[in-house]
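Readers should treat all values here as calculations from the given coordinates under stated rules, not as data from a laboratory. Since the model is a prediction, treat every value here as computed from it, not as a measurement. Reconstructed Cβ throughout: ideal geometry from the backbone, glycine too, with neighbour counts over all protein chains shown.
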Amino acid sequence: MWATGHESKRLLGKLLVTTALLGISAGYAWWQKRPEAPRETAALGPAPVQIAAPTDPGSGVGGYVFHEGPAATAITMPAGQHVADGEYVSHEWESGFGTVKIKIRIKNGAFTGLEYLLVPDERERSQELSHMSKPLLLHEMIHEQKTDVDVITTATYTTWAFQDALADVVLQATRPPPADRRLKNAHNLEPFYMGNQ
């Protein structure tokens with residue numbers, strides 16, 4: 001038996017909506033399967049990728065804008081002390097998400113080079129943050145010539161471990177050697193696990 005009155009209007013509305021959705025789905029499927037017209041492209045090879053050089057103060061990486069202004073020329077040291085030229089390897093410093101260990105080159109009393117020996121890479125997010133922060137920390141170290149480099153947003157723990165590693169290297173390079181060769185303001189980070197980091 002056929003529905004009457006209000007029920008028939010409701011069923012008719014459902015039928016119209018269902019028909020419209022089926023028509024839209026069929027149209028979309030047809031549109032997706034249609035052959036694409038060939039595009040005219042020049043076979044010149046891959047397009048060159050422009051990467052901001054870490055020494056370009058106007059460039060940014062990951063939304064981070066480098067310091068502007070003149071770069072420091074040497075590591076600031078207390079009166080009567082200096083840093084000896086050479087290559088120095090830091091101890092391993094725990095970032096909370098992995099370990100930081102670096103090799104630093106010092107020439108004429110200034111940081112001139114950096115090699116990352118260990119960076120946090122145990123989790124995918126740690127790998128992303130390490131990849132993002134490495135050129136930024138290198139730039140900060142060279143530009144500022146200090147161990148207390150600016151903290152990189154989203155890589156706070158890695159930056160703190162990097163600061164401790166830099167301070168460790170400066171202690172090794174200081175001449176005459178200080179009587180107390182321990183870091184006084186180390187961050188002392190413990191393994192810290194939060195979410196998917």
query: How do the peptides 114-126, 11-23, 72-84 rank, highest first, by the average count of neighbouring beta carbon atoms within 10 Å per residue?
result: 114-126, 72-84, 11-23
- request: List, in order, the whole-Hz ³J(HN,Hα) value for each residue of segment 135-140 obtained from phi through the Karplus relation with A = 6.51, B = -1.76, C = 1.60 and θ = phi - 60°; use x for Gly and Pro.
  value: x, 5, 5, 4, 4, 4
message: Quick one: the Cα spread of segment 82-175 along its three principal axes, in angstroms, biggest first?
response: 39, 23, 17
- prompt: Amide H of Val100: which non-local residues (sequence gap of 5 or more, or other chain) have their own amide H closer than 5 Å, using H built in the peptide plane?
  reply: Trp93, Glu94, Ser95
